[in-house]
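Step one of this worksheet: look at the structure below.
Just so you know, all these numbers are worked out from the coordinates, no wet-lab data involved. Bear in mind that the values here come from a model prediction, so they are computed numbers and not experimental data.
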Amino acid sequence: MPLTSKLLRTPQIIKLICEHLASEKPTLSFELNGLYPLVKCLPSSVWEEMKRKEKRYVVLRQPLVSTDCSRFMLYARRVKHFNTDPESRKQVQINIYRALQFAMHGRNLLPNVRKLTWNESHNVILPFSSMFLGPRLTQMEFTPSQKGIPLEFSVFSALHEYCPSLENFRITFSFGMSTNSESKAVTLISNSIHNWRNIKTLEVPNLSYSALLKVAQLPYLEEFKICNCKFDAAGSQMLKGGFPMLEVLKIHGSSTSDGIAFFKVMDNSPLCRLEIVLSHKRTSSALWRQIYFSNSAEIEEIATSWSNVRFLWLHSRVVSQGGVASPITLLDLLPFAEYCPELTCLVIAFDATYLPEIKRQNISGRKLNKSGLEELSVGNSPIKNPAEFAVALSGVFSSLKEISTAEEFKTAYPATETKYSNAWKEVEKLVKLFAAVRDEALRNGHIVAYETAG
């Protein structure tokens, strides 16, 4: 018996083959960046390659007929992720999209595509986007050009018909898009979103109030991100009782009141991850400023309202230019240790220089849960006395294992100040040391289980 036949009878080999056949990602599937490789599967007599400046283009020599597309479709069926890839040096001339649309009689070009990443510079192929939408598409990421989305573009309104299995939808706007173009795009999405009944993850720049009410009733929505949000008390109350399955909420805005007003009405949601990210647009010096939470009352309101929160992001994604003092100190973080035992990751900018306040406050008598906080991201938070602060921080968050700073933004934002990074690294080392000593003492029975801070 040949060796191959013997191997195929091995139970482990049979199991691997069965697992492969049952897998959603077989080895014959692939990610495709642009149509360039597929178009070159057409008969060589119908296309030619041209070079313009630094880019190569495939152009048609003659019209396409359906019989020309057999090899094209053989490989197109294997594409699981398609990316328009407008920055690639290998592109397809616009008339090829028209020719394929005619030759395929309007049928889907990628019938088995699961993920579509649509990023375009000038919206020239936007009219042909419906050719890439299919019944198996579950994830769509859409970034229109600065010109926005033409009002006659109706693919959003028919998206539930093209893609009945769509579960994840994300649309982001290019930096520099005009307010008018952004408003048109928001209108198109708002008018269509009520049909997306199977959506689990949704990221949109903004929505009308009526559309937001419809989103709140989506039965399977688990993650929701909205930018540029503006909510008043009356509007937020209209959402009460909605979002029955929401676990992750990300709010990007210009004030903390917008974010707090939104999440306060979600008392029926199983929310466990909350991000409130505050940001300003670029200043004339091309730097970004960090916006801090304005008072401890806002911090305590979040902590007391959401005891099951596990991940909390309460400041901007980028760091400040410096010179802006946060009114929040370590004392204001005590509610997280007191009310949020499941919180494992906290991202917040605060002022760690006010040690005298911590010393005067009798926190040792304040009943705290044994905090489960393991990761603390402090951005560019100022600090003076790392050793003394590490003692206080360890007393509040005894399980802390990792502290990250603004150092990670050095590459993207060269002007970012990271002068406190070394001090925070020292705090991290000391906190880990204190935790190890505490754990050793607990194991040896030298101290009782942790119940209070101090």
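With θ taken as phi - 60° and the Karplus curve 6.51 cos²θ - 1.76 cosθ + 1.60 applied, the whole-hertz 3J(HN,Hα) list for the stretch 196-208 is 8, 6, 9, 5, 10, 10, 9, 10, 9, x, 5, 8, 6 Hz, x standing for glycine and proline. Over 20 Å apart at the Cα level, from the set K184/K250; K214/K250; K80/K225; K115/K250, are K184/K250; K80/K225; K115/K250. Using all Cα-Cα distances in the stretch 68-115, what percent lands in each 10 angstrom bin from 0 up to the longest? Values per bin, smallest distances first: 22, 53, 25.
Under a 5 Å amide H cut-off, with hydrogens placed 1.01 Å from N, F142 pairs with W118, R170, I171, T172 among residues at least 5 apart or on other chains.
Along the stretch 92-108 the Karplus relation, 6.51 cos²θ - 1.76 cosθ + 1.60 evaluated at θ = phi - 60°, assigns HN-Hα couplings of 10, 5, 4, 5, 6, 4, 5, 5, 5, 4, 6, 5, 8, 6, x, 6, 5 Hz to successive residues, with x for each Gly and Pro.
Close amide H pairs (under 5 Å, H built 1.01 Å from N) link K40 with no residue at least 5 positions away or on another chain. In order along the stretch 56-62, phi translates into HN-Hα couplings of 10, 10, 9, 10, 8, 8, 8 Hz, rounded to whole numbers, per the Karplus curve 6.51 cos²θ - 1.76 cosθ + 1.60 with θ = phi - 60° and x for Gly and Pro.
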